[in-house]
């Protein structure tokens, strides 16, 4: 799938990004079919590229109101990309990008960390430069920072 588009002032280009995973929906007709693909660019930015028929989520409206096949670029946060991979059963890709999730009942506690979009972009870039999933990169930083802290 070749899609090149400016979204929010930033250029997204599937030909200059790495394909992570794909998903396809085959509707009752070609008009309902659509395909989604998750990409990551060299800066670690994740985005979804999609294309679909005239009766899909991704249809386009031409001049004069005529529907046509359409394409879309959707920027994603790491959490959104992970959720998309979960929803489409891409377990191997989750492990590659974000590290292996702990098994059910494992002694870990999830946290909700809210950061600005700019900070998240920096975190994703730093993790990508270290060739680590974001979760592993953050966990390592916290462990390094708290290494000498004793818990009463």
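Readers should treat all values here as calculations from the given coordinates under stated rules, not as data from a laboratory. Please read all numbers here as calculations on a predicted model, not as lab measurements. Here Cβ is always computed from backbone atoms with ideal geometry, including for glycine, and neighbour counts include all displayed protein chains.
Applying the condition of being touching a helix residue (DSSP H, G or I) at 6+ places or on another chain (Cβ under 9 Å) and in contact (Cβ under 8 Å) with a residue 60 or more places away in the chain to the range 82-113 and asking which residue is farthest from residue 50 (Cα to Cα) yields 97. For the range 44-73, the set of residues classified as closer than 21 Å to residue 127 by Cα and in contact with a strand residue (DSSP E or B) (Cβ under 9 Å, 6 or more places away or on another chain) consists of 45, 46, 47, 48, listed by residue number.
Scanning the range 43-64 for residues that are assigned to a strand (DSSP E or B) and in contact with a helix residue (DSSP H, G or I) (Cβ under 7 Å, 6 or more places away or on another chain) yields 46, 48, 49. Would you check if residue 31 is surrounded by fewer than 17 Cβ atoms within 10 Å (Cβ to Cβ) and free of Cβ contacts under 8 Å to residues at least 24 places away in the same chain? No, not satisfied.
Evaluate the following for residue 111: is it part of a strand (DSSP E or B) and surrounded by fewer than 18 Cβ atoms within 10 Å (Cβ to Cβ)? Considered against the rule, which asks whether it is part of a strand (DSSP E or B) and surrounded by fewer than 18 Cβ atoms within 10 Å (Cβ to Cβ), residue 111 comes out as no. Considering (1) in a helix (DSSP H, G or I); (2) closer than 30 Å to residue 2 by Cβ, the lone condition that residue 75 does not fulfil carries the number (1). Inspection of the range 65-81 identifies no residue that is over 30 Å from residue 29 (Cβ atoms), crowded, with 20+ Cβ neighbours inside 10 Å and free of Cβ contacts under 8 Å to residues at least 40 places away in the same chain.
Applying the condition of being touching a residue at least 12 places away in the same chain (Cβ under 8 Å), out of contact with any helix residue (DSSP H, G or I) (no Cβ under 9 Å at 6 or more places or on another chain) and not in a strand (DSSP E or B) to the range 1-28 and asking which residue is surrounded by the most Cβ atoms within 10 Å (Cβ to Cβ) yields 14.
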